[in-house]
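Report on the structure given below.
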Amino acid sequence: MSLMRTHTCGALGPQAIGQKVKLCGWVHRRRDHGGLTFIDLRDRFGLTQVVFNPAKGAGLHSQAKELRPEFCLRVEGEVSKRPPGTENPKLATGRVEVVATSLEILNPSATPPFEIAEDSEISEELRYTHRYLDLRRESSRAILFMRHKVLQVIRRVLDAEGFIEVETPVLTKSTPEGARDYLVPARLNPGKFYALPQSPQLFKQLLMVAGFDRYYQIAKCFRDEDLRSERQPEFTQLDLEMSFIDEEEIYALTERVFAAVWKEVLGETLAAPFSRLTYAESMRRFGTDKPDLRFGMELADLTPAFGETSFEQFRKVMESGGAVKGFVATGGAVLSGKALDALTDCAKQAGAKGLVTVRVGKGELICPMIKHLGEPALQEAVSLTQAKPGDLLLLVAGDEELAGSVLGALRAHLGEQLHLIPETGFSFAWITDFPLFRFNPELKRWDSEHHPFTAPHPEDLSILEKDPGKVRSRSYDLVVNGVELGSGSIRIHRREVQESVFRVLGLPAKEVEGRFGFLLNAFRYGAPPHGGIAPGIDRLVALMARASSIREVIAFPKTQRAVDLMTDAPSEVTEEQLKEAGISIRRR
Ligand code: ASP
């Protein structure tokens, strides 16, 4: 311990009674009671009660009466047993108090804009504008401590597994992951720009070419996207890569890392190996590639029940190769008519023409469309899905993928609304066999489903350029409780395959050379087979801490509009800076 303090504010117990101690911390609360003044002194370790007794010095006591919340103090005194009846069993230090003999105000504090307390309702805006005060609150601080612990465990496990941590550049070239780049003007090379990495993807592959064999990095990634609630313009990944491995080794390693993190941070045993679903199966059963497996309510193909229907909308869909899909919301018959209307609106917003809801009663079905669809067909749908009295059956007709995705979204929504999702527990799954490409109808071109460096399934190499839509990839996603935690793949390590993928993506040879020439060149020098994964650290910690938002697990987060409320970044720069960077601003 330094000379300034002998103990932290969380350390003193009965064994210290009679000792002279020095503590530093912040005034959490001050109470004046029975002629005495009490201060709860707080630091990140805890709270200690300090008593100022006029009998120990009238000057000292009157100085203490001036103390306000968040003053930063140094106190000297003697540890004493609290009088019987005044102990606080909830506090680790609750059986003792420090009777002050001297007080030094290290720094007074302005009145904070909110009380540093767990129970005060504070707007996010206020908290993030004064994040340094928000982080004095126990719950905010605890999350960052959890994050620290998670990173420690990851580093320790990967070190023991023979990985080496390598830092890759932040000022670099575009690394495509499907978002816009953040650009940085290169003053020394006028007219040129660096891009901040969307991920260290290409560097980690080059480290494999360099023979590093097992690499990891707790990597900052930057993606300029339209922000949805769970995105941040900069975020952290556990980026890793291995050589001479296949998918199975990556799954097993990832499961070992996560099992260790769960055990050491949460004290829980994680069920491994994780479940596995192919992309096609996940889409068919859950209507999404991020299924929440904590509850059932799987989608079913109910087309056979409506084979004879004269209801025109359904018939048209089936004639054009579509399907009628549905699922049963357990106990959903209790939902009000208004709630069902809201579900229909959701379905329409998601692209469905409509939503059919069937309340299953004892021996009766309540459905506004019963006349059109016919009771026998609905009864058959009920029996195919094994819906019980009290349940709600939801039906959507349409193109298979669309009907699935609409119902998938309703399933997730109703799971929550009907409280069907267990509040504890984590359900991990690997989603495999993604397609390599996805057709972009707006731009009339093929895009990579993950990124362009993902290896195609070896059996599909012959159709790579002939029939891109049919090519399966060697990529996998890790999904937990309906959240995509990360994705990865076995990579292309052969130049000609990589060139072929770029051709499918419609990239002209010249552009390929300019953007990825260094990678293709590296592949000429005996690049080993390799693959990896990159789970998101922010999402991981948010899940573990059951945080209400990803912002809670980031020390200094940005808002949904990508603004840092505390520093007010982004902000304007001086004319001089713009001139140096060779930039003139075009006003929109
Ligand atoms: N680079 C990928 C990403 O950022 C992860 C990976 O393929 O390893 O999502």
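Readers should treat all values here as calculations from the given coordinates under stated rules, not as data from a laboratory. The model shown is predicted, which means the values in this text are computed figures rather than measured ones. Neighbour counts run over all protein chains shown; Cβ positions are idealised from the backbone, glycine included.
Worth a mention:
- Summed side-chain charge close to Ile421 - residues other than Ile421 whose Cβ falls under 15 Å, Lys, Arg +1, Asp, Glu -1: 0
- Taking region 489-588 and dividing mean pair separation by its residue count, relative contact order in percent (alpha carbons under 8 Å, at least six apart): 21
- A dipole drawn for the chain from +1 and -1 charges on Cβ atoms has a positive end, and of Thr278, Ala542, Gly374 the residue lying farthest that way is Ala542.
- Excluding same-chain neighbours fewer than eight residues apart, the lysines reachable from Lys263 by a Cα-Cα span under 24 Å are Lys149.
- Helical runs (DSSP H, four residues minimum) scored at -39500 (n - 2.57) apiece and divided by the length of the chain put the mean residue ellipticity at 222 nm at -8500 deg cm²/dmol.
- Theoretical gain in end-to-end length, His413 to Asp224 [0.36 nm per residue, Cα-Cα removed]: 65.2 nm
- Listed by chain and number, the lysines placed with their C-alpha closer than 20 angstrom to that of Lys173 are Lys192, Lys204, Lys220, Lys510; residues fewer than eight positions away on the same chain are left out.
- Highest mean packing first, where packing is the average number of other Cβ atoms within 10 Å per residue, the peptides 266-278, 538-550 line up as 538-550, 266-278.
- From phi via Karplus (6.51, -1.76, 1.60), per-residue ³J(HN,Hα) for region 484-501 in Hz, x at Gly/Pro: 7, 8, x, 9, x, 6, 7, 9, 6, 10, 10, 4, 5, 5, 4, 5, 5, 4
- Here Lys290 is the anchor, and the aspartates and glutamates within straight C-alpha reach of less than 17 Å, apart from those fewer than 8 places off in the same chain, are Glu230, Glu281, Glu298, Glu401, Glu416, Asp433, Glu449, Asp477, Glu484.
- Spacing of the modelled spin labels on Ile122 and Glu442, each 7 Å from Cα toward Cβ, amounts to 4.0 nm.
- For region 191-198, backbone phi angles converted through the Karplus equation (6.51, -1.76, 1.60; θ = phi - 60°) give residue-by-residue couplings of x, 10, 9, 8, 10, 7, x, 6 Hz, Gly and Pro being listed as x.
- Label-point separation in nm, His33 to Leu270, each point 7 Å along Cα→Cβ: 4.5
- As a calculated quantity, the FRET efficiency between Glu234 and Leu151 at R0 = 25 Å, using C-beta atoms, amounts to about 0.95.
- Extension gain, Ile463-Ile370: 0.36 nm per intervening residue step, less the Cα-Cα distance, totals 28.7 nm.
- Here region 270-327 and region 381-435 have alpha carbon centers that stand 8 Å from each other.
- Listed peptides 319-330, 138-149 by packing density, highest first (mean Cβ within 10 Å): 319-330, 138-149
- Helix 247-261 and the longest principal axis of the C-alpha atoms of the chain enclose an angle of approximately 30°.
- If R0 equals 60 Å, the separation of the Cβ atoms of Glu78 and Glu572 corresponds to a calculated FRET efficiency of about 0.60.
- Gyration tensor (alpha-carbon) shape descriptor, region 1-104, a/c threshold 1.5: rounded
- Rounded to the nearest Hz, the phi-derived 3J(HN,Hα) couplings of region 87-101 under the Karplus curve 6.51 cos²θ - 1.76 cosθ + 1.60 (θ = phi - 60°) are 5, 10, x, 6, 9, 4, 9, x, 9, 10, 9, 10, 8, 6, 10, where x marks glycine and proline.
- For Glu87, the amide hydrogen comes within under 5 Å of no other amide hydrogen, counting only partners 5 or more places away or on other chains and with H modelled in the peptide plane.
- Region 30-81-region 87-103 distance, computed between alpha-carbon centres (Å): 10
- Relative contact order of the chain, defined on C-alpha pairs under 8 angstrom at six or more residues apart (%): 13
- Taking the average, over residues, of other Cβ atoms within 10 Å as the packing measure, peptides 397-409, 201-213 rank 397-409, 201-213 from highest down.
- Ser548/Thr111 FRET efficiency (R0 35 Å; Cβ-Cβ; nearest 0.05): 0.80
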